[in-house]
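Read the structure below first, then the notes.
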Amino acid sequence: MTVIKEAQTRAGILKTEIEKHNYLYYVMDQPEISDAEYDRLMRELIRLEEEYPELQTPDSPTQRVGGRPLTIFNSIRHRIPLLSLANTFDEVELKAFDSRVKKALGTDSEVEYTAELKIDGLTIALTYEAGLLVQAATRGDGEEGEDVTANVKTIKSIPLRLPSPINIGVRGEVYIKKNDFERLNRQREDDEEALFANPRNAAAGSLRQLDSKITANRPLDIFCYDILYIEGQTITTQWEGLELLKRFHLKSNPEAKLCKGIGEAIEFCKYWTEQRHSLAYEIDGIVIKVNSIQAQTKLGFTAKAPRSKVAYKFPAEQVETKVKAIEVNVGRTGAVTPLAILEPVKVAGSVVGRATLHNEDNVHNKDIRVGDWVVIQKAGDIIPEVVRSLSEKRDGSEQIFEMPKVCPECNSAIYREPGEAAARCIGATCPAQLRRGIIHFVSRDAMNIEGLGEAIVIQLIESGLIRDVADLYQLRFEDLVGLERFGTKSATNLLTAIGDSKTNNLGRLLFALGIRHVGAGAARELAERFGSILKLMDATFEDLTVIPTIGPKIAASIVKYFNEPHNRELVRKIIEAGVNVFQEAATDIPQTLAGKTLVVTGSLVSFSRSEIEAVIRNHGGKAASSVSKNTDYVLTGSDPGSKLQKAQAIGVKIINEEQFKALLAGKEI
Ligand code: IVH
C-alpha cells in the first residue's frame, strides 16, 4: 500500500472511531474511552489531515469548527414548511382536541397518540444527503429560515454522517441544559458580558453567531422529534419515526411515551407538570401527536398547524409585584392599550417591568389600580400579563385607572366604538400608529429589512423623511448620511436592504401592510390564491370567504382595508416604487423586458391599467406615460388615444396584447 493510501485508510478509521465516541458520549451518555484517549485520536487525525489536506472531508470531526466567520446568514427555503402547533391549556381542551380528531377520522374508538416533552429551545431543520449532513436551517417564518450549518456542525450530539447513506430531513430542538446555562452566565459575568435571560435565549443567541468558533464554545445540544421526509423508506407511525431517529444515531428524547388514548396522554401531561423541574433541561409543555401517519395525513392542516398534533402548555409561573403606574400604548391600528408599569420582578426566567392590561374593561373587571399588589404571569411563557389584583393588600392610597380622552402621542380623540373592546386613537397621522406600522412593515416575518430598528424609524419620521411605508423606497443616500448615527456604510447598507426587499413575494408584502386580522399564514394563502395584489384589491367578501382558511372576520377586514382610498393610494405608491406585488418572487420572474420602455394606450383585455404597469415593471421594463424617441414599444388596446398617432409619427414600434404576451415570454417579435 502506498503511504497516501495508508494515511487514507487510517484517517477513515479515525473518523469513524471519533464519531462513534461522540455518539456514545453525547447521545447515549455512555462513554467507552477516557477524554485523554479521545483527544489522542483527535490529535492523530488532525496531524494526518495537516499532512494530507485532501483527507479533510466535510464529515471529518475536525471540521466541526469550520472556516472563516460569515458576514450574513443566507436564507433557505424549507423543502417541507415548518409549521407551528395549536396550544391547549387544560384537560378540557385536550379532550376537545381528541373529539375533533375522532370526528375527522370517523371513529369512536380510542386514538393512539405519542406524548413527547416540548423542549424549550430553538427549532432546527437538518438535511442529510446520502447520509451526510449538508444543511441546517432555523425555522424563520416556517417557509424560509437561515442557513446555520456551520454553527450546527459544532454540536457534537449531531452526527455529521449517519450510519446509513440516506436522504432525510429531520426537525429538532436545539437547547442548553439548565446547569450549562448557569455556568455560561457565570462565565459571562466574569467577562463582564451581558447575561442571557434564560436557556432558550442563550441557545438562540449561540446559534445566531456569525463566527462558528463562538458557537463551538457554547454547550448546545439537540433533541430530534420529527422526520420531515425520508427517501426510500416509509414510516407508518410517529413512534416508528422516533425509533428510526435512534437507529440513525439522531438524538431523540427518552421520555416520549406511546399512549393508548387521550386519557393516558393527559396523565402524561399531569405527571410532567409536576415533575418538569427535575429535568436537566427546560420544557414548556407536552406535544401530543396522532400516532398513525395515515391518520395524520387524513386530518390535514389549518393555515398554521397540523390538525393531528397539539401542544399542551404548562400553567404559567405566577409571582406577585406592585403596579407603579398605568400608561397607555398606541398600536399600529390605533388601538390604545393600557400597560402596567411594575416593580421589576423575575418570572419564568426573565425580569419583567411592564405587563399588558389588554384593554380598559379588563382593567376594571379585574379592578387593577395604580399602587396595587398584583399577580403576574407570562402568557404562553412569553408576554407578561396581570392576572389579578390583591385587594386585601390595599392601604387606601391606590388610584382607579381612567382611560385618557386624548392620544398621548398626537392629542387626537380616543374613541371606543360600541361593542369593541379596544379604544382607538382616531388621528389619521398619529405618529405612534405610523411608527408601529413601519416597524411591523420592516420586521423579519414581513418585508425583512435589516437595520431599521425603532430608533431609526423614529429618526426618519421626525426628520420628515417618511410619512408612510412607501416613502421608505424613496430614501436616498443624501437623505441618510446627513442624519445622526448614519455613516456612509450604514446608509449604504440600509438602502441595499430596502432595495432587496422589493423582490419579496406578495405574501410578505400583504402581511407587512398590517391589515387587521391578516397574519403571516393568511397573507401567504391570499397571495397564493390571488397571485397579485391588484386582484386582491378588487376581491369581494364572497371571493374571499370561499377560501377555507379565510373566515368572515378576515374577509371583512380586507374588503374594508382596500375600500379606503388612502390605502389604495399607498398600494399605488408601493407599486410605483418597484416593489414586487406578485406572488412569484420578483427574482424568479424572467426579466424579458429589461431595458425596454413601454407606453400603454387604450384598454386591454387581460390587464387593468395598474396591473399592466406592474407587469411591465416586474419583468424589468419601464412603463412610461408619454411616447418619445426613447420609447421601445407602444402597446395598444381598444380605443387607443393620441399616443398611437404620435408613435406612428415618430416611428415607434406598435404592438398589440398578443405580441406583448409573446415579449413577456421572451420571444422575438
Ligand atoms: S412537533 C408541526 N414535537 O415546540 C409542528 N415540537 O409550537 C411540529 N417543540 O417550535 C412540532 N419539542 O419546535 C414538536 N417534541 C416536540 C417538540 C416540539 C419542542 C417545539 C417546536 C415548535 C414548538 C411548537
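The values are calculated or read from the model by the stated rules, or taken from the named source; none is laboratory data. Every value quoted in this text rests on a predicted model; they were computed, and no experiment measured them. Don't worry about glycine lacking a Cβ; one is built from the backbone with ideal geometry, like all the others, and counts go over all protein chains shown. What goes into the accessible areas is simple: the full protein's heavy atoms, side chains included, and nothing from ligands, DNA or RNA. Shrake-Rupley method; radii C 1.70, N 1.55, O 1.52, S 1.80 Å.
The set of residues in segment 70-115 being exposed (fewer than 15 other Cβ atoms within 10 Å of the Cβ), touching a helix residue (DSSP H, G or I) at 6+ places or on another chain (Cβ under 7 Å), part of a loop (DSSP other than H, G, I, E, B) and in contact (Cβ under 8 Å) with a residue 40 or more places away in the chain is empty.
Of all residues in segment 205-215, none are outside any helix (DSSP H, G or I), open to solvent by less than 20 Å² (accessible area, probe 1.4 Å) and within 16 Å of the ligand (Cβ to nearest atom). Taking GLY353 as meeting all but one of (1) part of a loop (DSSP other than H, G, I, E, B); (2) among the small types (Gly, Ala, Ser); (3) modelled with pLDDT of 90 or more, write down the number of the exception. Going through (1) part of a loop (DSSP other than H, G, I, E, B); (2) among the small types (Gly, Ala, Ser); (3) modelled with pLDDT of 90 or more one by one, GLY353 breaks only (1). Please enumerate the residues belonging to segment 222-249 that are away from the ligand (no atom under 13 Å from the Cβ), touching a Phe, Trp or Tyr at 6+ places or on another chain (Cβ under 9 Å) and either open to solvent by less than 40 Å² (accessible area, probe 1.4 Å) or at pLDDT below 95 (or both). Across segment 222-249, the qualifying residue is only PHE248. Return a yes/no flag: does segment 447-466 have any residue that is touching an Asp or Glu at 6+ places or on another chain (Cβ under 6 Å) and closer than 30 Å to ASN493 by Cβ. Yes, that holds for at least one residue. Scanning segment 527-542 for residues that are crowded, with 17+ Cβ neighbours inside 10 Å and within 10 Å of VAL559 (Cα to Cα) gives LEU536, MET537, ALA539. Here GLY437 does not qualify as surrounded by fewer than 18 Cβ atoms within 10 Å (Cβ to Cβ) and within 30 Å of GLY142 (Cα to Cα). Residues of segment 483-525 that are small (Gly, Ala, Ser), farther than 22 Å from ALA335 by Cα and over 15 Å from the mean Cα position of the chain (by Cα): GLY487, SER490, ALA491, ALA497, GLY499, SER501. Filtered by the rule that a residue be within 15 Å of the ligand (Cβ to nearest atom) and either at pLDDT below 95 or hydrophobic (A, V, I, L, M, F, W, C) (or both), segment 147-173 gives VAL148, VAL152, VAL170. Summed over segment 116-143, residues that are part of a strand (DSSP E or B) and near the ligand (Cβ under 9 Å from one of its atoms) total 7. Of the listed requirements (1) free of Cβ contacts under 8 Å to residues at least 60 places away in the same chain; (2) closer than 30 Å to ARG529 by Cβ; (3) of a type in the set (A, V, I, L, M), ILE368 misses just one: (2).
Can you spot a residue in segment 388-400 that is under 21 Å from ALA316 (Cα atoms) and outside any loop (DSSP other than H, G, I, E, B)? Yes: segment 388-400 contains one or more residues that are under 21 Å from ALA316 (Cα atoms) and outside any loop (DSSP other than H, G, I, E, B).
Table: residues versus (1) basic (Lys, Arg); (2) in contact with a strand residue (DSSP E or B) (Cβ under 9 Å, 6 or more places away or on another chain); (3) under 30 Å from PRO640 (Cα atoms).
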{"residue": "HIS517", "(1), (2), (3)": "no, no, no"}
{"residue": "GLY521", "(1), (2), (3)": "no, no, no"}
{"residue": "LEU536", "(1), (2), (3)": "no, no, yes"}
{"residue": "LEU593", "(1), (2), (3)": "no, yes, yes"}
{"residue": "LEU604", "(1), (2), (3)": "no, yes, yes"}
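Against the numbered list (1) over 22 Å from the mean Cα position of the chain (by Cα); (2) of a type in the set (Val, Ile, Thr); (3) assigned to a strand (DSSP E or B), VAL174 comes up short only at (1). Is it the case that segment 414-434 has a residue that's among the β-branched types (Val, Ile, Thr), in contact with a Cys (Cβ under 6 Å, 6 or more places away or on another chain) and surrounded by 12 or more Cβ atoms within 10 Å (Cβ to Cβ)? Yes, segment 414-434 has at least one match. For segment 611-652, a residue qualifies if it is basic (Lys, Arg) and part of a loop (DSSP other than H, G, I, E, B), and exactly one does: LYS629. Restricting to segment 282-292, and then to whatever is at pLDDT 95 or above and more than 9 Å from the ligand (Cβ to nearest atom), can you tell me which residue is nearest to the chain's Cα centre (by Cα)? In this case the residue turns out to be ILE288. Could you check, for segment 589-605, whether at least one of its residues is assigned to a helix (DSSP H, G or I), of a type in the set (D, E, K, R) and either closer than 27 Å to ALA446 by Cβ or open to solvent by 20 Å² or more (accessible area, probe 1.4 Å) (or both)? Within segment 589-605, not a single residue is assigned to a helix (DSSP H, G or I), of a type in the set (D, E, K, R) and either closer than 27 Å to ALA446 by Cβ or open to solvent by 20 Å² or more (accessible area, probe 1.4 Å) (or both). Residues in segment 455-499 that are open to solvent by 60 Å² or more (accessible area, probe 1.4 Å) and touching a residue at least 40 places away in the same chain (Cβ under 8 Å) were compared, and the one that is farthest from ILE72 (Cα to Cα) is GLN474. No other residue among GLU274, GLU343, GLU320, GLU264 is modelled with pLDDT under 90 and either aliphatic (A, V, I, L, M) or surrounded by fewer than 17 Cβ atoms within 10 Å (Cβ to Cβ) (or both) apart from GLU274. Taking the criterion of being open to solvent by less than 70 Å² (accessible area, probe 1.4 Å) and closer than 16 Å to GLN63 by Cβ, the residues of segment 1-16 that qualify are ALA11, GLY12, LEU14, LYS15. Quick one: is ASN185 without any contact (Cβ under 8 Å) to a residue 40 or more places away in the chain and either out of contact with any strand residue (DSSP E or B) (no Cβ under 6 Å at 6 or more places or on another chain) or among the small types (Gly, Ala, Ser) (or both)? Answer is yes for this residue.
Looking at this structure, is LEU299 open to solvent by 40 Å² or more (accessible area, probe 1.4 Å) and within 16 Å of the ligand (Cβ to nearest atom)?
When the stated conditions are applied, LEU299 does not pass them.
Kindly establish whether ILE574 is surrounded by 15 or more Cβ atoms within 10 Å (Cβ to Cβ), part of a helix (DSSP H, G or I) and not acidic (Asp, Glu). The answer is yes for ILE574. Quick one: how many residues across segment 628-669 are open to solvent by less than 70 Å² (accessible area, probe 1.4 Å) and at positive phi? The qualifying residues number 2. Close contacts from segment 255-278, counting a first residue that is more than 22 Å from ASP120 (Cβ to Cβ) and a second that is open to solvent by less than 70 Å² (accessible area, probe 1.4 Å) and of a type in the set (Asp, Glu), with Cβ to Cβ under 6 Å and a gap of 6+ residues or different chains, come to ILE262/ASP98.
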